[in-house]
Amino acid sequence: MATMNMIQALNSAMDIALRRDPNTLILGEDVGYFGGVFRCTAGLQEKHGLHRVFDTPISEGGIVAVAIGMGVAGLRPIVEIQFADYVYPAVDQLVSELARLRYRSGGEYWAPLTVRMPCGGGIRGGQTHSQSPEGIFTHVCGLKTVIPSNPYDAKGMLISAIEDDDPVIFLEPKRLYNGPFDGDPNKPAVSWEKSPQGEVPEEHYTVPLGKAEIVRPGLAATVVTYGTMVHVAKAAAEHANIDAEIIDLRSLVPLDIDTLVESVKRTGRVVVVHEATRTSGFGAELSAQIQEHCFWHLEAPIERVTGWDTPYPHAFEWDYFPSQKRIVDALKRTLGV
Amino acid sequence: METVPEQTRLHIPIPSSRPGEQPDFSDIEVPNAGSAERPDEGVDPREIPELASTLIRVLNKKHEAVGPWAMDIPVDTLRRGLRYMLTVRVYDDRMFQLQRQGKLSFYMKSTGEEAVSVAAALALRSGDMFFPSYRQQGLLIARDRSLVDMMSHCLSNSRDSAKGRQMPVMYTWKEGNFFSISGNLGTQLPQAVGWAMGAAYKNQDHVAAGWVGDGTTAEGDFHYALTFASVYQAPVIMNVVNNQWAISSYQGVAGGEHATFAERGLGYGLPALRVDGNDFLAVYAATQWAAKRARQLDGPTLIEHFTYRVEAHSSSDDPSQYRPLSEASEWPLGDPIERLKNHLINLGEWSEEQHQELYQETVEKIRAAYAEAESYGTLTDGPRLSRSTMFEDVYKEPLPHLQRQRAQMLED
Ligand SMILES: Cc1ncc(C[n+]2csc(CCOP(=O)(O)OP(=O)(O)O)c2C)c(N)n1
Ligand SMILES: [Mg+2]
């Protein structure tokens, strides 16, 4: 075991993947010599070779397109998109090509890409460094979409994603790179060192894609969330002394519906929390599935706490970011207190 | 298991030097000032491919303006250019310092690249429309935008014209025909082409000018711009600011190893000029040439400005991680401010004493502007606009669901 922050955990996962499989390679903007603007690939080029970890032109559509071609040629590319906010030029390649290649070729061709991208706000990044576009990808059949919330999961899930023969969109909540974050920007930053989830095995292990985790058991209500909001929701329940069960989905597609249903049948009350905008966000899918499976067990309407339906505003970041208070208010509404 | 190949047939571009090594600019050919031909503005682009490969330079080692691109620029314009460039530099230094003190969340300097925007702004008319990237603050300053307003934007305060919605340096200034900057690279170059198509459609003689970095030429949007500009012969000037670096990636990663960025234009049938971007007079002359061509409806021009990013990419960057720190001082094309200053001194129109005085004045001007800007608030201490404004401008009128969300937020 070692203590790692999320950046080191991701780096370790890629290091192992590069060591174990000569067909694995990493490409993206500034990932090579420099090691990425968030340092996730630091040292990997030097260790594994120029041709295994290299810088690309600034062309997200081009990056994903060539990675698809490399995948078809038998390689296993790991793509870094510098910020999720910059993935849009690649959307055609992801949606029309990568996601459907296996289907349209009758199973003859596929490309086992892992497309990593930092997402989410809380870093004063304004509208072009803060977005949470997971709902765009979960809407596309043929893509898996996952989002870890701590170093242990980040490493295990990234190894799973890389070894997966299907394309995986791997979202990394950048506010969690250096430590857990409970939603209060005025508190001093906490590092992963103090958290059990910062204990990460140095060797190969996997965390399966499609398994949610109950991070806090409870009986009064179920909070369904993922990414940065896992930590905010947990702190909210603790501070308000509400016996809420907190579920970290970890993987959105595939979705661990069994864990959700089992919890909601026990609690009868649900709050869905995500940082992404509300309308057509993944929370809408979660609400729909929960009522399909648990309608007769629900004691109150399903609540959603989300980012507002506006671009992420620089100066009003903390009015935008779903706060502990908003989560507690939603919990109280669903509890009728 | 297969073994990892030690050697590979895959070509990976690598820069001439890395930290710990001697900077090496031996690949860069610097033609003599005055050596490039200056064709008539109506020239058929097929006749001037060499202008995409050479460097148009006007100022020689003796600080004289020489050759066919040495235009008759009024001395007053040169002095204004010098003053604006100096203002940009001092402004950048001060704002960067303030970022380090925690007053700004972020900042990007344009040190060493001041001529690229200041000379262009002075060569164009006030009705011409700018579609800049984040490193053309010189355009605002050369169009006399209030420094207090620029700083107020960077502070996201109560006077910020972007209403606190954008990170610092993502300016917007409609009154000055300066388009709202996007953080997404390249997206605005084809929009500049569209604006120019609009001007032609309306029979106006305005010109649009857009700027992208060397790294950004790899985006599809750059190629959309060249295609549409060529197809519709739009009155647009497309500027590539080749400052050698895109964060940590040298220009070879954008394809600069095998052709110049100006040469991209040739395949699209565009006239393409490669210009010494640290030579104020050359940038001015090339822009004027392209503007005349556009105004007389002879079509678009692609200009590569060959320059060097002297400072970090942004306040979040540390260039000592990926390039030798002494690179900047060894850059073969010098400093744009020094070069224009020396030219003016050579003309007998300026002196070291006047320059020192101007520098002190500029520092004072920036200090005073900041004191005023801060009185309108800072990101951390306010005053800011009311938070309910964040629901405005998503649509022309807030839709009902946004009104509900706003009410919900204000209840908290
Ligand atoms: C679509 C998109 N991809 C990536 C980025 C991240 N990014 C911001 S600036 C930059 C480098 C741009 O380099 P260049 O075009 O040479 O301009 P310079 O910064 O040198 O002025 C990158 C990769 C972005 N802003 N937008
Ligand atoms: Mg550049």
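The values are calculated or read from the model by the stated rules, or taken from the named source; none is laboratory data. Just so it is clear, the structure is predicted and the values come from calculations on it, not from any experiment. Neighbour counts run over all protein chains shown; Cβ positions are idealised from the backbone, glycine included.
Overview of results
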item	result
Counted residues, the range B:109-127 - those being surrounded by 24 or more Cβ atoms within 10 Å (Cβ to Cβ) and away from ligand 2 (no atom under 16 Å from the Cβ)	6
Scope the range B:240-254; condition outside any helix (DSSP H, G or I) and either touching a strand residue (DSSP E or B) at 6+ places or on another chain (Cβ under 7 Å) or more than 7 Å from ligand 2 (Cβ to nearest atom) (or both); matching residues	B:240, B:241, B:242, B:243, B:244, B:246, B:247, B:248, B:249, B:250
Breaking point among (1) within 12 Å of ligand 2 (Cβ to nearest atom); (2) under 26 Å from residue B:170 (Cβ atoms); (3) within 14 Å of chain A (Cβ to nearest Cβ), for residue B:307	(3)
Filter result for the condition that a residue is more than 24 Å from residue A:36 (Cβ to Cβ), crowded, with 24+ Cβ neighbours inside 10 Å, within 16 Å of ligand 1 (Cβ to nearest atom) and β-branched (Val, Ile, Thr), over B:237, B:303	B:303
Within the range A:71-96, tally of residues that are over 20 Å from the mean Cα position of the chain (by Cα), part of a helix (DSSP H, G or I) and surrounded by fewer than 18 Cβ atoms within 10 Å (Cβ to Cβ)	3
Breaking point among (1) in the same structural domain as residue B:252 (by TED's automatic domain parsing); (2) in a loop (DSSP other than H, G, I, E, B); (3) crowded, with 20+ Cβ neighbours inside 10 Å, for residue B:33	(1)
Helices (runs of 4 or more DSSP H) wholly inside the range B:102-187 containing at least 1 residues that are at pLDDT below 95, at positive phi and not assigned by TED's automatic domain parsing to the domain that holds residue B:281	none
Pairs where the first residue, in the range B:206-232, is within 24 Å of residue B:246 (Cα to Cα) and within 16 Å of ligand 1 (Cβ to nearest atom) and the second is of a type in the set (D, E, K, R) and part of a helix (DSSP H, G or I), C-beta under 7 Å, 6+ apart	B:217/B:264; B:226/B:264
Number of positions in the range A:23-43 that are more than 16 Å from residue A:75 (Cβ to Cβ) and among the aliphatic types (A, V, I, L, M)	2
Residues of the range B:316-337 classified as within 14 Å of chain A (Cβ to nearest Cβ), hydroxyl-bearing (Ser, Thr, Tyr) and in a loop (DSSP other than H, G, I, E, B), total	2
Sole residue being of a type outside the set (A, V, I, L, M, F, W, C) and within 8 Å of another protein chain (Cβ to nearest Cβ), chosen from B:165, B:159	B:165
Flag if residue B:78 is in contact with a strand residue (DSSP E or B) (Cβ under 9 Å, 6 or more places away or on another chain), part of a helix (DSSP H, G or I) and either buried (at least 18 other Cβ atoms within 10 Å of the Cβ) or not assigned by TED's automatic domain parsing to the domain that holds residue B:377 (or both)	no
Any hit, the range A:9-19, residues being part of a loop (DSSP other than H, G, I, E, B), at negative phi and either away from ligand 1 (no atom under 15 Å from the Cβ) or not aromatic (Phe, Trp, Tyr) (or both)	no
Any chance residue B:262 is surrounded by 24 or more Cβ atoms within 10 Å (Cβ to Cβ), within 16 Å of ligand 2 (Cβ to nearest atom) and within 14 Å of chain A (Cβ to nearest Cβ)	no
Selected residue (only one of A:103, A:86 is away from ligand 1 (no atom under 16 Å from the Cβ), hydroxyl-bearing (Ser, Thr, Tyr) and touching a Gly at 6+ places or on another chain (Cβ under 9 Å))	A:103
Test: residue in the range A:21-29 that is buried (at least 24 other Cβ atoms within 10 Å of the Cβ) and within 15 Å of ligand 1 (Cβ to nearest atom)	yes
Check on residue B:71, in a helix (DSSP H, G or I), among the aliphatic types (A, V, I, L, M) and closer than 15 Å to residue B:279 by Cα	no
Restricting the range B:189-220 to residues that are among the polar types (S, T, N, Q) and away from ligand 2 (no atom under 13 Å from the Cβ), the residue that is farthest from the other protein chains (Cβ to nearest Cβ)	B:203
Residue match in the range A:181-188 (condition: small (Gly, Ala, Ser), on the phi < 0 side of the Ramachandran plot and crowded, with 22+ Cβ neighbours inside 10 Å)	no
